[in-house]
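See structure below.
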Amino acid sequence: MQAPHGASRIPPLVDPGPALSADQVRRWSRHLLLPQLGEIAQRRLRASRVCVVGAGGLGAPVLLYLAAAGVGRLGVVDADDVELSNLQRQILHGVADVGAPKVASARSRVAEIDPAVDVVTHHLRLTADNVDLLAQYDLVVDGTDNFETRYLVNDACVRWGLPEVWGSVYRFDAQVATFWGAPPAGVPAVQLRDLFPQPPAPGEVPSCDAAGVLGALCGQVGSLMATEAVKLITGVGEPLLGRVLLIDALRARWTEVPLRGGAHGETDVSGAARAGAGAAHATDAAAPSVGEITAPELAGLLADGSVTVVDVREPMEREIASLPGALPLPMGELVRDPAAVPADRPVVLMCHHGVRSVQAALHLVAHGRTGVRHLVGGIDAWSLTVDPSVPRY
């Protein structure tokens, strides 16, 4: 039996904070007019602590809308600096922020909306050593773009009993869900590993860097994620718990599939949905068994023709920026046929930023190849340190 429209299926996540001031009543008057929310729910929002992991395409609209909604403390986790290519979709940041930490511009934009919001910046990349910082929050919103961090966040939320709002985008497709792996009694338990038990194999899913993404779709998905967070905090409505919302922006269609806790990945999601679950898996990015080479070092080897460079990026990426003489072999093709890589000379694998190239090198090594290295920083590093005429993207 479904709950009545507007009725809650879970208890509010946060107790109400102090009474609202006259200015706060004016600020959030449009919330106070909603029968499902009202003053008590607004006080819950003001007392809440939400951590947004990733200040990029999804995290940007989430942070803006949660700040506007009245969330009292916003944690922002991101290790990256703003790049020009981010501005197509990451609406927290502007031209003046290029080169600055994303957490810094996030703090500034939130302050423009509501200077009373307590913004806690975590300028770092989440690892097993620091992920428990999430325990200081009531709710986690995962807006990251790689499988390693997604599973790290999921497992930490399960460990600490935290609800997690999850979203992902891939080209014109997206998904949104709410996970709660260790919820209070009476709330169904479901987590990311029920949807995707294990990360995909290297090369199976290209990142947004490789495949592209519609910028406006990030705003659409981020707004949905912020709505889910508000519902969880205040206890109104039915969260996307045990359901996965699939969005096909090209056809303007939304569909929904059920998700069972402990289903071990049996949920029926499409290939596009699986692809949209995140960027290429980067767990092995620091694997010591893969040799490395810098862009200046590679330039020296190319001068005497003593090495074969294999470009594992997608064709559209090579149209934007390319390295003369590199053998084009997209990651998926290399994984399917490692023998397609010439064996007459040492090989250097190259991609955009040096993530897929590590995976490709590991795959070749696993198939018995020797003399394999990858280009640290990818073609982006080549543009920065060797040939500025090569476009950055």
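The values are calculated or read from the model by the stated rules, or taken from the named source; none is laboratory data. All figures in this text were calculated on a predicted structure; none of them were measured in a lab. Note that each Cβ is placed from the backbone with ideal geometry, even for glycine, and that neighbours are counted across all protein chains shown. What goes into the accessible areas is simple: the full protein's heavy atoms, side chains included, and nothing from ligands, DNA or RNA. Shrake-Rupley method; radii C 1.70, N 1.55, O 1.52, S 1.80 Å.
Checking the structure you have, find out if any residue of segment 302-320 is part of a loop (DSSP other than H, G, I, E, B), in contact (Cβ under 8 Å) with a residue 12 or more places away in the chain and open to solvent by 60 Å² or more (accessible area, probe 1.4 Å).
No: segment 302-320 contains no residue that is part of a loop (DSSP other than H, G, I, E, B), in contact (Cβ under 8 Å) with a residue 12 or more places away in the chain and open to solvent by 60 Å² or more (accessible area, probe 1.4 Å).
So, Leu45, is that one more than 22 Å from the chain's Cα centre (by Cα), crowded, with 22+ Cβ neighbours inside 10 Å and assigned to a helix (DSSP H, G or I) or not?
Answer is yes for this residue.
The conditions are (1) surrounded by 18 or more Cβ atoms within 10 Å (Cβ to Cβ); (2) of a type in the set (A, V, I, L, M); (3) at pLDDT below 95, and Leu84 fails exactly one of them. Which is it?
(1)
Restricting attention to segment 150-169, report how many residues are open to solvent by 10 Å² or more (accessible area, probe 1.4 Å), more than 19 Å from Ala47 (Cα to Cα) and in contact with a strand residue (DSSP E or B) (Cβ under 7 Å, 6 or more places away or on another chain).
1
Residue check, Leu214 against (1) in contact with a Leu (Cβ under 6 Å, 6 or more places away or on another chain); (2) modelled with pLDDT of 90 or more, all met but one. Which one?
The one condition Leu214 does not meet is (1).
Among what's in segment 101-137 and is in a loop (DSSP other than H, G, I, E, B) and open to solvent by less than 30 Å² (accessible area, probe 1.4 Å), pick the residue that is farthest from Val158 (Cα to Cα).
That would be Asp114.
Filter segment 323-348 down to the residues that are under 29 Å from the mean Cα position of the chain (by Cα) and either surrounded by fewer than 17 Cβ atoms within 10 Å (Cβ to Cβ) or farther than 21 Å from Pro388 by Cα (or both) and list them by number.
Pro328, Leu329, Pro330, Met331, Gly332, Glu333, Leu334, Val335, Arg336
The conditions are (1) open to solvent by less than 80 Å² (accessible area, probe 1.4 Å); (2) at pLDDT 85 or above; (3) out of contact with any Ser or Thr (no Cβ under 9 Å at 6 or more places or on another chain), and Arg251 fails exactly one of them. Which is it?
If we test Arg251 against (1) open to solvent by less than 80 Å² (accessible area, probe 1.4 Å); (2) at pLDDT 85 or above; (3) out of contact with any Ser or Thr (no Cβ under 9 Å at 6 or more places or on another chain), just (1) comes out false.
Take Ala185 and tell me if it is small (Gly, Ala, Ser), at pLDDT below 95 and in a loop (DSSP other than H, G, I, E, B).
Considered against the rule, which asks whether it is small (Gly, Ala, Ser), at pLDDT below 95 and in a loop (DSSP other than H, G, I, E, B), Ala185 comes out as yes.
Inside segment 219-247, can you point out the residues that are among the hydroxyl-bearing types (Ser, Thr, Tyr) and surrounded by 22 or more Cβ atoms within 10 Å (Cβ to Cβ)?
Thr234
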